[in-house]
Amino acid sequence: MSKKSKPTLPTTLPVEGMSPALRYHALPRAGKIEVVSSKPLTTQQHLSLGYTPGVAEVCLEIKDNPALANQFTSKANLVAVITNGTAVLGLGNIGPLASKPVMEGKAVLFKKFANIDVFDIEIAETDPEKFVDTVARLAPTFGGINLEDIKAPECFYIEEELRKRLDIPVLHDDQHGTAIIVCAAFINALKISGKKAADVRVVCSGAGAAGLACMGLLVEYGVNPKNITLVDIDGVIYQGRKTFTPQQLPYMHKTSARTLADALEGADFFFGLSAGGILKPAMLKTMAKNPVVFAMANPTPEIMPDIAKQARPDAIIGTGRSDFPNQINNVLGFPYLFRGALDCGATTFNTEMKLAAAHALAELAQKAAEPSLVNAYKGSKLKFGPDYIIPKPFDVRLLSTIAPAVAKAAMDSGVASRPIADLTAYAASLHETVDQSFAIMRQIFTLARANPKRIVYPEGEDPRILQTAQALANEGLAHPVILGRRDVVTPQLHDLGLTMEEGRDFTLVDPQTDPHIEEFAEAYYQLRMRDGVTRSEAAIHLRSRWLIWACLMVQTNQADAVVCGITGRFMHYLPLAAHILNGHNSLQHIYAMQLLMSKERLLFLADTHVQPNPTAEQIAEMTHLACNEISNFGIQPRVALLSHSNFGSARTPQALKMQEARRIIAQRWPHLEVEGEMQADTALNMDVMQRIFPTSALTDTANTLIFPDVDSGNIAFNIMRQTIPGADYIGPILLGMQKPIHILSVDAPVHRIINLSALAVIHAQGRLSTSARSTRRAGAR
């Protein structure tokens, strides 16, 4: 009798009809990760250095001193995410291959949030000892190991044995990652409810790996283990119960409680790491005053937050879901734990490091929320309180807050093999990895803090301006002056969860009621009376165009600089501002520069907004102003005057203009490093430069590009910012204004407004005000 053959399964599925999740994983290429070289490999020399024979020298160095592997290979930034697929999400034991999409997803999160490289490894082995042996043999490749989705109780043995055998940090994230986030939420819930860790009664539904790890860390924090009651599918785990594991033993007490409902009577905290829907409203009503409910079962929590709130309006509620407040999510922890551990060469994850991470996470939630989060979480009030006890996953401060805390704890507890000498500088370097503008702006911020100035914002009713004002006040960079109607601004401050105080942190000027209206109307009339503006029209303009008001505040020394533009067009704002701040409506000596940043390079570009077709004199003046401005960033400018022509290869009017501009610059400012005219690829490739023009004045590739007209400058800038991966920019930076003003684009996010505000402070301090005038004098000679 012949055996029945198994049905043949398709090797691929048709794209048509795929669900969004399937399509996301299948297209444009299968999976979510790839390996990318960190070194160039374009020449024979590269090949001989990266592979044979050059690589042999590196191998011998590591053979003689294994610690050098961290310097010469990717080991110190490489984590293994390892599973056997026995407890994947809520899917159970689906096996190693089916678990691969989850492990790839974990790899993506490591890279996205902490720039850690990951190999996902799915091992076909359920025997704990063999699994441990396999992982231990793989360990030399990695700087750390993240165990994932391994069922209990085997996961306890596996992690413990690997920690004994290996000298790199090993973490079962399902246990300890969850515990750290839970502990942070617990700390803040205590703070809000006014309760003490040693006194609270805790009920934990779910006595597996995650539940036990959470309770273990809470005990280390200060919770009395006698006040913890564990509940599993069979009810309360009490002293005398016959079914239990060794890990549950510390929490087995004499008690008459046998059910979850019994255990919750008078309890202060409920931790749910079990099954959806098991916590009933009637049970909540028996809990103590101001109860805390962390219902973390996914995707359906033990009780839905809205139902819990109806039963207990005084409760603090958290879940594992992103569509309710207080999401307790492991992504808040594991990327930053490993970042700190890898960077200090930690040999393990100890309790001190876990508690340090929990404290850092809790303290971050107590600070004012990052302004950029408001757009990501519209409708949420991100202010520390019952609905905001834990930071959001996209808070860019997580990396620079948690990783240094973990590294410090590792160093203090003696498990760091490569101690970090300057933790403050380390934190700053981490911040730079998530905000490219931070590195370049650090010097600007330092100068601004030394002498903060009054920055007036005519669009003060826009939420972005209010969030900017909060950030400036927090950092001590400036004193914001907000123009806006009080009955509009005040409710917004509350709705946005902002904590700044009027008078101390900012000044609010309401044009509807401010007593300076007559003074400013007369000043504006005197300025514009020969432009057909009457006194009554001047007052009308002043009340309806708050940019006029802002500029007059600067002109009369009631403010030091203006930042505007997020609700209008650049060229609508500029002539109006120039008329007041420069004393005339000519734009002849005004230019705009952009600073474009990417991982590969940093470029200043001018003019991107103002002069349609500048003369050679204007090109020269613009270049001098740009170089003065660039020096504020602590950068030595290397300027390329761009054209379609390379050093006289064409004789068109635009090429000749750029040649003449270079001649003027060389005569008036011979100290400047300027070359041209040249094509863009010549400016950005030193090999091409040396081949075409070996006597070039540039010592390296250009970092400042001066364009022959505004069309080419603006087009190039917008193409680059849209097509260069991860590109960000600071600007437009106005050059040639007699008093400081910056006009932003309408889509400017908060961090860009902050950056230009800090730059405006530097200008208001007088660091650039003389350069514009000196340029005029030099140009007149």
Let a ≥ b ≥ c be the square roots of the eigenvalues of the Cα gyration tensor of region 85-175; is it rounded (a/c under 1.5), or, if not, prolate (a/b larger than b/c) or oblate?
oblate
Using heavy-atom solvent-accessible surface (probe 1.4 Å) with all chains present, what is the largest-first order of I465, I192?
I192, I465
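What order do D173, D127 take when sorted by accessible area (1.4 Å probe), most exposed first?
Heavy-atom accessible area, descending, gives D127, D173.
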Tilt of helix 517-528 relative to the longest C-alpha principal axis of the chain, in degrees (0 to 90, nearest 10)?
50 degrees
Cα long-axis angle, helix 570-581 against the chain (0 to 90 degrees, to the nearest 10)
60 degrees
Of all the C-alpha pairs in region 657-697, what % are more than 14 Å from each other?
48 percent
Mean separation of Cα contacts under 8 Å (at least 6 apart) over the residue count of the chain, i.e. the relative contact order in percent, is 8 percent
Cα Rg, Dmax, region 617-716, angstrom units
12.4, 36
At 1.4 Å probe size, with every protein chain present, just tell me what the per residue accessible area of region 581-678 comes to in Å².
37 Å²
With everything on Cα atoms, drop me the angle between helix 769-780 and the longest principal axis of the chain, reported from 0 to 90° to the nearest 10.
40 degrees
Hull shadow area, averaged, region 33-135 [alpha-carbon convex hull, nm²]
8.8 nm²
Accessible area per residue of region 413-533 at 1.4 Å probe, in Å²?
46 Å²
May I ask you to give the percent of accessible area on the chain that is carbon plus sulfur, with a probe radius of 1.4 Å?
55 percent
List, largest first, the extents of the alpha carbons of region 502-574 along their principal axes, each in whole Å.
40, 29, 20
Accessible surface of D560 in the full protein assembly, 1.4 angstrom probe, to the nearest 10 Å²?
40 Å²
SASA check, D487, accessible area w/ 1.4 Å probe, all protein chains in place, rounded to nearest 10 Å², comes out at 110 Å²
What ranking do 686-699, 208-221 get when scored by the average of other Cβ atoms within 10 Å per residue, highest first?
208-221, 686-699
Against the 2.2 N^0.38 Å scaling, with N counting residues, where does region 493-637 land? I'd like the Cα-based Rg ratio to two decimal places.
1.29
Let me test this: with uniform point scatterers at the alpha carbons of region 431-579, what is the Debye-based log₁₀ I(q)/I(0) at q = 0.09, 0.11, 0.14 1/Å?
-0.32, -0.47, -0.73
Of L596, L602, which has the most accessible area with a 1.4 Å probe, and how do the rest follow in descending order?
L602, L596
Percentage relative contact order, region 460-523, counting C-alpha pairs under 8 Å, at least six apart
36 percent
State, to one decimal in nm², a quarter of the convex hull surface area for the C-alpha atoms of the chain, i.e. the direction-averaged projected area.
44.6 nm²
If you count only protein heavy atoms and use a 1.4 Å probe, how large is the accessible surface of E148, to the nearest 10 Å²?
20 Å²
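The values are calculated or read from the model by the stated rules, or taken from the named source; none is laboratory data. No experiment lies behind these values; they were computed from the predicted model shown. As a convention, Cβ positions derive from the backbone with ideal geometry for all residues, glycine included, and neighbour counts pool all protein chains shown. The accessibility values were calculated without ligands, DNA or RNA, using every heavy atom of the protein model including side chains. Shrake-Rupley method; radii C 1.70, N 1.55, O 1.52, S 1.80 Å.
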